[in-house]
Amino acid sequence: MSKKPLSTIEHLEHAPSDRESEKGSLAEVTVAALDGEGLVKSRFDQLTIREALWVFRRSLVVCFFVFTGRMLEFFEIVMSGAILANPGFIKQFGDPNRAGKIKGVGALDPNWVSAWAVILSAGQIFVFLWISFFTDRFGRKPALLLAWFFIAIAMVCLTLARTPEVWLVGRLFTGMGTGIIAVVAGPYGMEVCATRIRGIVLSAAIFWGAIATLGASLMMNFLTLRDPMNWHLPVYATWGPVGFMAICFLIVPESPWFYARRGNKEKAVKSLKRLYGNIPDYDFDEEYGIIAKTIEHEREAIRRNKATSWTDLFKGTNGKRTFASLVIAASLQLGGYPILYTYSTYTYALVGIKNPFQTNIITASVQCGTVLLMMVTFDKFGRRPFVTWAYSFQALSMFLLGCLSFIPLTSPSRVPAITFIACMWAFCGTISGNSQIIYITELPSAYLRLKTGVLAQGLNSALGIAANFASPPMLLALGLKAGFVFFAVATPIAALLWVFLPETKWRSASEIDELYERKIPAWRWAKTRTNAEEQVEQAIQQSKAEGETQAAAEANASDDSTSR
């Protein structure tokens, strides 16, 4: 195949497809450049979802290992939070002075309960200060292995803990490990999976997290019923997933985008071959060129804005991208996450539910079903309508939860009503909360993707410190009326999401760049045609015209030979 200038549209071999009758279709063309600045779109971006899932099956396996590691991280977090309602844990770590006056989780000193949650967020913020420099220097894979090392240290502390102080140290290392995974796993998945199935892959990662939440809830319920005073059993059981996490992170290759940013084409192509070496006629030089051109375009945009380093996040169009990422990052903690996820078993026990682990299982099941719905619908109908409506109803669920405080404790409808509202929140919160992974991964420019993730997760952790520190005393003082507090802060966030959250369905990195540079309002993205789409349409028309001309010429030649 002869090489042409980057401003041309090239014909490439037909990618594996079930559309054999569509010669000259989208799967056959690639836009080598969409305008003079070198924005690029790969031919594989035009495959159908089913085709892309098959063609990129090897890279999907790699994503599976990365996000399985993140799933196991969720397992550890849920265990160390849900164990607060375990009778044996309460006996070991409870305040003797409170134990004689208050039964159940109330025997735990609320200051220690707050500290255990706050220190996790503090650990996350600590790694956010330097993890982007670490990954820029050493890569994504070493960062994931470092995260596992911190989580392993955390598990040692939690296993040996006999005092609140040692448990606190374990939670600190948990925060450090999970903080790294939170900002590295998403960008890694964005960089190695195809544009067409990016939403499905990231939704699958969220589904793994929901499965981990359900699995940890089932484990806590089973082991607590089996031996309620042996709080070590859940901790020992968590060592298995943590060990498997190390295997997952050792298997995956380094991201080709990391090598491309450092100008190391040889290693980048080697990484591409590990990810896509099974794809027939995959042009590794061409795909490397697409990555390099995208990175160069974004660096050129930064140079035009005369921005450097972290200030890039707030200059030019990057400011809007960063703001949208920060809004959806803030939505998590301000939407009731502390009382119905972080402290869910603690909350349920305080408001009179006899088996809080059982309620956790119900809400975790709702989360799993919701994520399956996201996987089916997000890449078909888009992200924006689901996220904006879900968060609006999530804020409403906080208001309804507060209203339940007026139902008497002895009322038989109190527990079913609380469970229903918790399920409503779980449905909405799973959509809006987990969508932040997708948006924080998709919205930033490739050059600033990791830094944006660090900033967004840092904001989430900072809000987590405030919310987690305030929630236990607030729950003890207000009970379900705490829902009114979260309704008040979630409502403005819901309004901001309607205004600033765009639709990124099926958009490549270069198309997202273009839409921001054209200053298209967020609510119009879904109906706006990009230069890439117009160029691809022209390529298809040109391909069909050439095919028809060639077919006519062959027919004429055949007629001439017959007449002779």
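The values are calculated or read from the model by the stated rules, or taken from the named source; none is laboratory data. As the structure is a computational prediction, the values presented were derived from the model and not from experiment. Quick reminder, even Gly has a Cβ in these numbers, built from the backbone with ideal geometry, and neighbours come from all protein chains shown.
For the stretch 397-434, the set of residues classified as farther than 23 Å from Ala456 by Cα and either among the small types (Gly, Ala, Ser) or in contact with an Asp or Glu (Cβ under 7 Å, 6 or more places away or on another chain) (or both) consists of Ser397, Gly402, Ser405, Ser411, Ser413, Ala417, Ala422, listed by residue number.
Whenever a residue of the stretch 151-173 is under 15 Å from Gln124 (Cβ atoms) and buried (at least 16 other Cβ atoms within 10 Å of the Cβ), its partners that are polar (S, T, N, Q) and modelled with pLDDT under 95, lying with C-beta atoms within less than 7 angstrom and at least six residues away or across chains, give the pairs Ile151/Thr174; Ala154/Thr174; Arg171/Ser80. Would you confirm whether or not the stretch 396-416 contains a residue that is assigned to a loop (DSSP other than H, G, I, E, B), of a type in the set (A, V, I, L, M) and crowded, with 22+ Cβ neighbours inside 10 Å? Looking for residues that are assigned to a loop (DSSP other than H, G, I, E, B), of a type in the set (A, V, I, L, M) and crowded, with 22+ Cβ neighbours inside 10 Å, one finds none in the stretch 396-416, hence no.
Does at least one position in the stretch 185-208 carry a residue that is aromatic (Phe, Trp, Tyr), closer than 19 Å to Lys91 by Cβ and in a helix (DSSP H, G or I)? No, the stretch 185-208 has no match at all.
Here's the yes/no breakdown for (1) in a helix (DSSP H, G or I); (2) at pLDDT 90 or above:
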site: Asn111; (1), (2): yes, no
site: Gly123; (1), (2): yes, yes
site: Phe134; (1), (2): yes, yes
site: Trp148; (1), (2): yes, yes
site: Ala152; (1), (2): yes, yes
site: Arg162; (1), (2): no, yes
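Return the only residue of Ala446, Ala390, Ala417 being modelled with pLDDT under 85 and farther than 25 Å from Val118 by Cα.
Result of the check over Ala446, Ala390, Ala417: Ala446.
Restricting attention to the stretch 240-265, the residues being part of a helix (DSSP H, G or I) and farther than 11 Å from Phe75 by Cβ number 14. Residues in the stretch 67-93 that are at pLDDT 80 or above, among the small types (Gly, Ala, Ser) and in contact with a helix residue (DSSP H, G or I) (Cβ under 7 Å, 6 or more places away or on another chain): Ala82, Ala85.
Here is a yes/no grid of residues against (1) over 16 Å from Ala446 (Cα atoms); (2) part of a helix (DSSP H, G or I); (3) among the β-branched types (Val, Ile, Thr):
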| site | (1), (2), (3) |
| --- | --- |
| Lys267 | yes, yes, no |
| Leu275 | yes, yes, no |
| Asn278 | yes, no, no |
| Asp281 | yes, no, no |
| Asp285 | yes, yes, no |
| Ile291 | no, yes, yes |
| Glu298 | no, yes, no |
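Kindly establish whether Thr504 is among the polar types (S, T, N, Q) and not in a helix (DSSP H, G or I). Against the criterion (among the polar types (S, T, N, Q) and not in a helix (DSSP H, G or I)), Thr504 qualifies.
This table checks each residue for (1) over 30 Å from Ala117 (Cα atoms); (2) of a type outside the set (Lys, Arg); (3) at pLDDT below 85.
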position	(1), (2), (3)
Gly479	no, yes, no
Ala488	no, yes, no
Ile520	yes, yes, no
Ala526	yes, yes, yes
Ala532	yes, yes, yes
Ala553	yes, yes, yes
Ala557	yes, yes, yes
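Note on the stretch 427-438: residues that are buried (at least 24 other Cβ atoms within 10 Å of the Cβ) and of a type in the set (Phe, Trp, Tyr) total 0. Contact map, the stretch 202-213: first residue over 10 Å from Ala364 (Cβ atoms), second residue polar (S, T, N, Q), Cβ cut-off under 6 Å, separation 6 or more or different chains; pairs are Ile206/Asn434. Of all residue pairs spaced 6 or more apart or on separate chains, those with beta-carbon atoms under 7 Å, a first member in the stretch 138-149 that is over 12 Å from Ala246 (Cα atoms) and a second member that is surrounded by fewer than 23 Cβ atoms within 10 Å (Cβ to Cβ) and of a type in the set (Asp, Glu) are Gly139/Glu254; Arg140/Glu254.
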